[in-house]
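Working notes, structure below.
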Amino acid sequence: MELVNLLENVLWFRLVGLFILGLCIGSFLNVVIYRLPLILAIKWKKQAQEILEIADATPVATISLSFPASHCPKCKQSIPWWTNIPLIGYLILMGRCCACNCKISARYPIVELISALLFSAVGFVYTDIWQIMFACIFIAVLIALMGIDLDTFLLPDELTLPLVWIGLLVNLNGMFSSSLESSLFGAVIGYMSLWSIYWIFKLITGKDGMGYGDFKLLAAIGAWLGWQCLVNVLLFSSCLGIVYALTLKMLGKLDSGKAIPFGPFLGGGALVSLLLANFIKIL
């Protein structure tokens, strides 16, 4: 109880504690972003072979979120425990593998730092321990989805669907939305709005403008934040997408006809709405 009182009543303690927690969660999210698509690919391959009755004698590597242990993707050397210390390990190694000296992606410390900063932001705009806990869960899943979508153009059901149900349960008493009714309508309107846009675009152009994962992600966001926030989420996400596209164009990296994942911008819009809505209330 003393710890809960400190978290709820002492701002600096709450911010520092959530920053450290965010670093640790961010380190785990890096594992999820990298490994979950591999796990799903193996699962889908097995299912396809069973449906098509294809015998495949090729041994399939066993992989999970915890196995094998962390290792360098190039030399396969196991990583010492101290190099897994969030952010600090990367800085000590100066961004290079301690075994083969190959460059380590800067995404790892970036994800850790973003998670830490967002967790701290939650601690700044929320004081109730339950709101803080569930807001951090929401943020962590969004970061994982955003990273996976950037890498693979996938928004796995294994993350989006539980996020919908948890959002509805969290708002039984209107923790983040105005009411359970608002969350329920938020989930329905979130899904159906993008679904409608998808089919209008497809009927006009004959092309897929987005994936079904985007529908489910916006449904989850609506379940968490309520239908009233969906306009803001779409506005913020569209602005983020435009800025991203213009930046790529100025750098000469935007190829004509190249698809851009929409999930990261939906997630970014949801994060802005989550933090900004309550920040405005406390001003």
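Could you list, in sequence order, the residues of segment 22-46 that are in contact with a helix residue (DSSP H, G or I) (Cβ under 6 Å, 6 or more places away or on another chain) and either within 26 Å of residue 82 (Cα to Cα) or without any contact (Cβ under 8 Å) to a residue 60 or more places away in the chain (or both)?
Those that are in contact with a helix residue (DSSP H, G or I) (Cβ under 6 Å, 6 or more places away or on another chain) and either within 26 Å of residue 82 (Cα to Cα) or without any contact (Cβ under 8 Å) to a residue 60 or more places away in the chain (or both): 22, 23, 25, 26, 27, 29, 30, 32, 33.
Are any of the residues in segment 99-107 outside any loop (DSSP other than H, G, I, E, B) and either closer than 24 Å to residue 160 by Cα or modelled with pLDDT of 85 or more (or both)? Yes; the residues of segment 99-107 include at least one that is outside any loop (DSSP other than H, G, I, E, B) and either closer than 24 Å to residue 160 by Cα or modelled with pLDDT of 85 or more (or both). No other residue among 39, 63 is assigned by TED's automatic domain parsing to the domain that holds residue 100, under 25 Å from residue 148 (Cβ atoms) and in a helix (DSSP H, G or I) apart from 39.
Here is a yes/no grid of residues against (1) in contact (Cβ under 8 Å) with a residue 40 or more places away in the chain; (2) among the hydroxyl-bearing types (Ser, Thr, Tyr); (3) closer than 20 Å to residue 267 by Cβ:
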{"position": "52", "(1), (2), (3)": "no, no, no"}
{"position": "65", "(1), (2), (3)": "no, no, no"}
{"position": "70", "(1), (2), (3)": "no, yes, no"}
{"position": "143", "(1), (2), (3)": "yes, no, yes"}
{"position": "153", "(1), (2), (3)": "yes, no, yes"}
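When we screen 259, 219 for residues that are over 20 Å from residue 159 (Cα atoms) and in contact (Cβ under 8 Å) with a residue 24 or more places away in the chain, the only hit is 259. Hey, among the residues in segment 188-211 that are in contact (Cβ under 8 Å) with a residue 12 or more places away in the chain and not hydrophobic (A, V, I, L, M, F, W, C), which one's nearest to residue 277 (Cα to Cα)? Out of the qualifying residues, it is 190. Scan segment 226-283 for residues that are at pLDDT 90 or above and not in a helix (DSSP H, G or I) and report the count. Looking only at that region, the number is 3. Residue 30 meets the conditions (1) in a loop (DSSP other than H, G, I, E, B); (2) surrounded by 14 or more Cβ atoms within 10 Å (Cβ to Cβ); (3) of a type in the set (S, T, N, Q) in every case but one. The failed one is (1). Selection of segment 141-200 for residues being among the hydroxyl-bearing types (Ser, Thr, Tyr) and either in contact with a Ser or Thr (Cβ under 9 Å, 6 or more places away or on another chain) or farther than 13 Å from residue 213 by Cβ (or both) yields 177, 178, 179, 182, 183, 193, 196.
Going through segment 80-98 one residue at a time, which ones are hydrophobic (A, V, I, L, M, F, W, C), in contact (Cβ under 8 Å) with a residue 12 or more places away in the chain and in a loop (DSSP other than H, G, I, E, B)? Walk me through it before giving the result.
Pass one, segment 80-98, residues hydrophobic (A, V, I, L, M, F, W, C): 81-82, 85, 87-88, 91-94, 97-98.
Now narrow it down to the ones that are in contact (Cβ under 8 Å) with a residue 12 or more places away in the chain: 87, 91, 97-98.
Hits for segment 80-98 are 87, 97, 98.
Being out of contact with any strand residue (DSSP E or B) (no Cβ under 9 Å at 6 or more places or on another chain), more than 19 Å from residue 30 (Cα to Cα) and either free of Cβ contacts under 8 Å to residues at least 24 places away in the same chain or not small (Gly, Ala, Ser) (or both) is a property that residue 166 has.
The values are calculated or read from the model by the stated rules, or taken from the named source; none is laboratory data. Every value quoted in this text rests on a predicted model; they were computed, and no experiment measured them. Every residue, glycine among them, receives a Cβ derived from its backbone with ideal geometry; neighbour counts consider all protein chains shown.
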